[in-house]
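Below: one structure, written as structure tokens.
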Amino acid sequence: MITLNKRLIGIFIAIGLLLLIPLVAMQLTDEVNWKFGDFIIAGILLLTAGLMCEIAIRKISEFRYRIGICIVIIVALLLVWAELAVGIFGTPFGGS
């Protein structure tokens, strides 16, 4: 039997709550226009970042390094998210 620890459950709950924000916003305004694929991509990005931080927390014993690596992961997530949303780097994947 597979058992999930509390941090993994927290990661899944946080991802679900974060994805509820644009879902609710879509019901309230026309300015938020996410397609099903947008939710899938956002979920994959959030899950990947969350699991990478979980691995860093489990495998790295030095607290400062854990925090530093998790900060790098979160910054990378935000940069990828911004590029996909508005194309800040001008790649073909940009949203603009």
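The table below gives the values:
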quantity: Helix-only [θ]222 nm of the chain, DSSP H runs n ≥ 4, -39500 (n - 2.57) each, per residue, nearest 500; calculated: -26000 deg cm²/dmol
quantity: Translational D in µm²/s for the stretch 6-86 (Stokes-Einstein at 4 °C, 1.567 mPa s, Kirkwood Rh from C-alpha pairs); calculated: 93
quantity: Of the DSSP H helices in the chain, those whose Cα atoms cover at least 24 Å axially and whose Kyte score averages 1.6 or more; calculated: 6-28, 63-86
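Read-outs throughout are calculated quantities, based only on the coordinates presented, and are distinct from any laboratory measurement. None of the values given here were measured: they were computed from a predicted structure.
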